[in-house]
Amino acid sequence: MVNIAVLVSGSGSNLQSLIDHQKTHDFDGEIKLVVANKKSAYGLVRAAENNIANYYVRNDDHRLLELLKEYKIDLVVLAGYLSVISDEVLEEYENKMINIHPSLIPSFCGPGFYGHHVHDAAYARGVHYSGATVHFVSKVVDGGPIIMQEVVSVKDVKNADEIGERVLKVEHAILPKAVELYCDNKLEVKEGRVIIK
Ligand code: GRF
């Protein structure tokens with residue numbers, strides 16, 4: 001059984017998609033811990049509603065690491081987690097930490113490209129397609145091996161919000177699938193590329 005921790009900062013809709021997925025799918029993983037770096041993160045409520053241990057931890061990666069060890073976490077999922085992870089945690093969870101990014105990496109990613117900033121840039125550029133990417137977390141922001149991507153047409157959108165809405169639906173579809181593949185040991189990283197076994 002892969003013990004999963006989900007880190008959130010906001011509404012936690014990606015966390016909810018993971019909670020819903022584990023209720024309806026049989027795979028070798030279970031969410032054991034939710035950590036938010038914002039007291040107001042609704043993801044904490046979603047965790048509590050599903051009897052999942054949840055904590056507010058802000059700017060204290062030592063405490064975060066303590067919790068990850070206490071709950072014997074094997075996989076860390078960043079689900080809209082808007083904080084930089086320290087090298088100490090990254091090293092401890094190399095290729096055991098995944099992130100959902102709301103664009104088709106390498107477009108609109110890296111420092112400063114988070115949340116709505118991503119969709120603002122995509123709208124300003126006039127892209128016809130956007131999407132979401134699940135990737136392993138590395139020391140390079142949004143630079144880790146790509147696990148899964150899905151495209152969505154945004155040719156007819158009226159504003160950046162519409163891009164965000166369409167991309168969020170894709171995020172909810174691919175993050176649970178990527179987590180399931182990881183938990184069922186179907187992912188292998190070779191020369192920076194992810195192979196699905
Ligand atoms: C999502 O757009 C995610 O891609 C981005 O932040 C947002 C988090 O949404 N990193 P939620 O908290 O999962 O609803």
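Taking all protein chains in place and a 1.4 Å probe, what share, in percent, of the accessible surface of the chain do carbon and sulfur account for?
The nonpolar share, carbon plus sulfur, comes to 50 percent.
Going 7 Å from the Cα of Ser83 along its beta-carbon direction, which residues of the range 1-42 have the amide nitrogen within less than 14 Å of the resulting point?
6-10, 34-42
Determine by what factor the alpha-carbon radius of gyration of the range 136-197 differs from 2.2 N^0.38 Å, reporting the quotient.
Normalised by 2.2 N^0.38 Å, the Cα Rg of the range 136-197 equals 1.34.
Among Val57, Val35, Val134, whose mean-square fluctuation peaks in a Gaussian network model of the chain (Cα, cutoff 10 Å)?
Ranking Val57, Val35, Val134 by mean-square fluctuation puts Val57 first.
Provide the per residue accessible area, probe 1.4 Å, for the range 55-112, rounded to a whole number of square angstrom.
About 50 Å² of surface per residue is accessible.
For the range 2-196, state the semi-axes of the equivalent ellipsoid (square roots of 5 times the eigenvalues of the alpha-carbon gyration tensor), sorted largest first and rounded to whole angstrom.
25, 18, 17
Tell me which residues come under 5 Å, amide H to amide H, from Ile147 once H is placed; ignore anything under 5 positions away on its chain.
Val134, His135, Phe136
For the chain, what is the percent of antiparallel DSSP beta bridges, rounded to the nearest 5?
Percentage antiparallel, nearest 5: 45.
Multiply the residue gap between Glu165 and Ile195 by 0.36 nm, knock off their C-alpha separation, and tell me the result in nm, one decimal place.
So the extension gain works out to 7.9 nm.
Could you tell me the center-to-center distance, by alpha carbons, between the range 170-188 and the range 50-78 in angstrom?
Going from one Cα centre to the other spans 20 Å.
Do you know the Lys pair count in the range 2-196 for C-alpha distances under 16 Å, with sequence separation 8 or more or different chains?
13
What are the residues whose amide H is under 5 Å from the amide H of Val189, where those residues sit 5 or more places off or on another chain and H is modelled from the backbone?
Close amide H contacts, sequence-distant or interchain: Ile195.
Find how much the distance from Ser40 to Asp26 grows on full extension, using 0.36 nm per residue of separation minus their present alpha carbon separation; answer in nm with one decimal.
Full extension from Ser40 to Asp26 adds 1.9 nm.
The values are calculated or read from the model by the stated rules, or taken from the named source; none is laboratory data. Keep in mind it's a predicted model, so treat the numbers as computed, not measured. Quick reminder, even Gly has a Cβ in these numbers, built from the backbone with ideal geometry, and neighbours come from all protein chains shown. These area figures cover heavy atoms from the full protein model, side chains too; ligands, DNA and RNA do not enter into them. Shrake-Rupley method; radii C 1.70, N 1.55, O 1.52, S 1.80 Å.
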